[in-house]
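For reference, the structure is listed below as structure tokens.
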Amino acid sequence: MTPVEPESIVPSEELVVYAKNQPQYLPLPAQVRPDGRVTTRWRLSEEEKALLLQGEDIYLQVLTFGHPMYPILLSVGHPEKKRSGQSHQAS
């Protein structure tokens, strides 16, 4: 999977890039809302898509550095579009 710039849904969102100058990590573009909600977007390779179609699962690994885990949400398509009932379009 490759992180790509997320689509902005809410005008007050700010684009940031986490780990921009940390070579040990992959730079992660994200939209950050004033309420603290952070949205990232990931694009699957053709090989990864094929693996999913064959029944492979998606795993999420989060580095908490010993701190409590924050709530997370995985979704197919932008989660705000799902809430508002907008249709999903391939890009």
Whichever residue in the stretch 21-42 is surrounded by fewer than 12 Cβ atoms within 10 Å (Cβ to Cβ) and either at pLDDT 95 or above or of a type outside the set (D, E, K, R) (or both) and, among such residues, is farthest from TYR59 (Cα to Cα) | PRO34
Tally the residues that are among the charged types (D, E, K, R), touching a strand residue (DSSP E or B) at 6+ places or on another chain (Cβ under 6 Å) and part of a loop (DSSP other than H, G, I, E, B), restricting the search to the stretch 1-48.
-> 2
Residue hits (the stretch 4-54; out of contact with any helix residue (DSSP H, G or I) (no Cβ under 6 Å at 6 or more places or on another chain), under 16 Å from HIS78 (Cβ atoms) and in contact (Cβ under 8 Å) with a residue 40 or more places away in the chain) are PRO6, GLU7, VAL10, THR39, TRP42, ARG43, LEU44
Working carefully through the options LEU26, LEU44, LEU51, find the one that is farther than 14 Å from PRO3 by Cα and not charged (D, E, K, R).
-> LEU51
Restrict the check to the stretch 56-77 and report whether at least one residue is of a type in the set (A, V, I, L, M) and surrounded by 10 or more Cβ atoms within 10 Å (Cβ to Cβ).
-> yes
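The values are calculated or read from the model by the stated rules, or taken from the named source; none is laboratory data. A quick note: this is a predicted structure, and the numbers were derived from the prediction, not measured. Cβ atoms come from the backbone with ideal geometry, glycine included; neighbour counts cover every protein chain shown.
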